[in-house]
Amino acid sequence: MKEIKISGQKREANGKKAAKELRKEGLIPCNLYGEAKQDNKPVAFSFASPMAELRKLIYTPHIYIVELTIDGEKHLAVMKEIQFHPTTDAVLHVDFYEVNETKPIVMGVPVKHVGLAQGVRDGGRMNKSIRKINVRAPYTQIPETLEIDVTELRVGKSIKVADLSFEGLELVTPKEVVVCSIKATRNSIQAAQSEE
């Protein structure tokens, strides 16, 4: 997994007004959820980070392990959630989740289709239903992409999450979810009829 470094500073004031002031200064309010718990619920550590640094993490198809440096203190984390403004798409808030080498985390890993499907060679069209599959594993075992071999996939057939397995990873996405399928096209139907 790729690594990215992001710096931040502890937030003293919380609330909508304080968050608005931070955004005016080019800072995004963030929370880091870690090992600390209160009443059996994770406690959020509030900080702010420059949008210029967060942009590389937010607007990318890749997944990253994030080295957060907050007021000189280092934390390893993954980005858990981003909140966007409903009309302007401006980033309002980012949540991070602290990780260690042994504790499993759930993360969406991008899917990469490998090979040219037989169904596409026969004139069908590849339909990619999902871009990421959620997996559970310690962050050190999570790959950058999940490679799925589609070479044998024929027209009218699909690959579901239940058909897949990856060493050291537990697939969390529901088993019935279709990853990709080959749809019939006019060309593939004519080709099949001419073979009969």
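Let's see how each residue does on (1) assigned to a strand (DSSP E or B); (2) free of Cβ contacts under 8 Å to residues at least 24 places away in the same chain:
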residue	(1), (2)
Q83	yes, yes
D89	no, yes
V94	yes, no
G108	yes, no
T151	no, no
K175	no, yes
Of residues in the range 50-69 being out of contact with any Cys (no Cβ under 9 Å at 6 or more places or on another chain), among the hydrophobic types (A, V, I, L, M, F, W, C) and assigned to a strand (DSSP E or B), the one surrounded by the fewest Cβ atoms within 10 Å (Cβ to Cβ): I65
Which one is nearest to A77 (Cα to Cα) among residues in the range 103-135 that are in contact with a Pro (Cβ under 8 Å, 6 or more places away or on another chain) and surrounded by 14 or more Cβ atoms within 10 Å (Cβ to Cβ)? I105
With respect to M79, is the statement that it is closer than 19 Å to V106 by Cβ and either surrounded by 14 or more Cβ atoms within 10 Å (Cβ to Cβ) or modelled with pLDDT under 90 (or both) true? yes
Could you pull out the residue among F84, F96 that is loosely packed, with under 14 Cβ neighbours inside 10 Å, of a type in the set (F, W, Y) and closer than 27 Å to R23 by Cβ? F84
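The values are calculated or read from the model by the stated rules, or taken from the named source; none is laboratory data. Quick caveat: nothing in here was measured; it's all calculated off a predicted structure. Neighbour counts are summed over all protein chains in view; Cβ atoms, including those assigned to glycine, are modelled from backbone coordinates with ideal geometry.
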